[in-house]
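J.: Quick one: the structure is below, and I'll ask about it shortly.
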Amino acid sequence: MLVATHNTMDGLRLDGLLPLYPRLQSAHGASVGVLCVQENKPGHADAVAKALGGWHRATSDACAPRLATVYDTRLIRHVATRVLQLPRLAYVPLWQRLYAASEPEQKHAALLAFERVDDGAGLLVANFHLDAAGTNAHRGEQLRAVSGALAAEQRARARRGARAHALACGDTNAFSFRRALAARALRQMLTPLAAECGLVDVGAECERDNHFFKRAREPKLGQRLAVFFGRLGVDFPRRYDVVCTDLPVAEHGQVEAADSDHDIVWARVRWPSAAAGS
């Protein structure tokens, strides 16, 4: 199946995004089994599920409605969702208020449990969206909270003899004006997911940009300035969005999404049956 993540930019241009998801399925001959959506708005994830096919469903928790997860009901069933409160900024620096909220936001992550329809094998999914404001060190703390919660659930399942594969997807907002520093910060952020949870960043070997300021058509002054300078050829694209998993990866890539400032990041994974020793 395919697993993917996408920040839809509040769905401001959702109509332009909807055809991309079924096109991803057609291009790779596999269903989108799990799609983590960030910046969800009411009804948007449902529209994505409908575009993917009548067998797809969307789920989100009332405590974190901006994080939605779309899944293929032919492949997996949703069992439970736990919402995590991530470390919160003490304050938002004045210059960051150009593109972020003026007051610190309480960011969340959603930790979802799924079961495979055919044999009940487990899949844990962490869907997250880290702060745009603050520093990469702060975002690293937030991702450590995600990895800690995911690792605790993995250990609890292992004690019950109910091992589950895992998937962590989301928007890290790992930015620095210096490209090398941004890449280093992202690697450091993802280290706990590898060390504690055994997850591999599928895009680590190619380091393709997937966030583009020039496409940030949002109302804040910072985004409007970014679009203006983008038209002049000035942009600082970086790799924000990640898919990390312990499932075997057959291929991976991304889909250009001109109607969001984020591309769709995806991987085609193999999920061995329980009889094969998943």
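J.: Residues of the chain: accessible area per residue at 1.4 Å, in Å²?
T.: 44 Å²
J.: Another one. So, with +1 on the Cβ of K and R and -1 on the Cβ of D and E, and no other charges, what is the size of the charge dipole of the chain about its Cα centre, to the nearest 20 debye?
T.: The calculation lands at about 280 debye.
J.: Further question: For a quick check, take a GNM of the chain with Cα springs below 10 Å and name the residue from 33, 161, 222 with the largest mean-square fluctuation.
T.: 161
J.: While we're here: If I fit a long axis through the Cα atoms of helix 221-231 and take the longest principal axis of the Cα atoms of the chain, what angle between them do I get, 0 to 90°, rounded to 10?
T.: The answer is roughly 90 degrees.
J.: For Cα pairs less than 8 Å apart in space and 6+ apart in sequence, what is the mean separation divided by the residue count of the range 136-278, i.e. the relative contact order in percent?
T.: Value for the range 136-278: 26 percent.
J.: So for the range 64-144, averaging the separation of alpha carbon pairs under 8 Å that are six or more residues apart and normalising by length, what relative contact order in percent results?
T.: Relative contact order of the range 64-144: 33 percent.
J.: Under 18 Å between alpha carbons, and skipping anything fewer than 8 positions from residue 41 in its own chain: which lysines qualify?
T.: List returned: 50, 107, 220.
J.: Can you pull the percent of the chain's accessible area that's carbon plus sulfur, 1.4 Å probe, other chains left in place?
T.: 54 percent
J.: Now, a different point. Between 223, 254, 38, find the one with the highest GNM mean-square fluctuation for the chain; connect C-alpha pairs within less than 10 Å.
T.: 223
J.: Another question, if that's okay. Filter the chymotrypsin sites (Phe, Trp or Tyr not before Pro) in the range 91-177 to those in DSSP coil with at most 13 other Cβ atoms within 10 Å of their Cβ, and list the result.
T.: Qualifying residues, ordered by number: 91, 177.
J.: Between 120, 60, 198, whose Cα lies farthest towards the positive end of the dipole of the chain when Lys and Arg beta carbons carry +1 and Asp and Glu beta carbons carry -1, centred on the Cα centre?
T.: Towards the positive end, the residue furthest out is 198.
J.: Which trypsin sites (Lys or Arg not before Pro) in the range 152-205 pass both tests, a DSSP loop state and at most 11 other beta-carbon atoms within 10 Å?
T.: Here the trypsin sites (Lys or Arg not before Pro) that fit, given the DSSP loop and packing criteria, are 160, 178.
J.: Expected output is a single nm value to one decimal: the length gained when fully extending between residue 220 and residue 180, i.e. 0.36 nm times separation in residues minus the C-alpha distance. What is it?
T.: 11.6 nm
J.: Order these peptides, 135-147, 50-62, by their mean beta-carbon neighbour count within 10 angstrom, highest first.
T.: Packing proxy ranking, top to bottom: 135-147, 50-62.
J.: Also: Show that you can apply the helix-only estimate: for the chain, add -39,500 (n - 2.57) for every DSSP H stretch of four or more residues, divide by all residues, and state [θ] at 222 nm to the nearest 500.
T.: -8500 deg cm²/dmol
The values are calculated or read from the model by the stated rules, or taken from the named source; none is laboratory data. As the structure is a prediction and not an experimental result, all values here were calculated from the model. Heads up, the Cβs are rebuilt from the backbone with ideal geometry, glycines too, and the neighbour counts pull from every protein chain shown. Quick note on the areas: whole protein, heavy atoms, side chains included, nothing else; ligands and nucleic acids left out. Shrake-Rupley method; radii C 1.70, N 1.55, O 1.52, S 1.80 Å.
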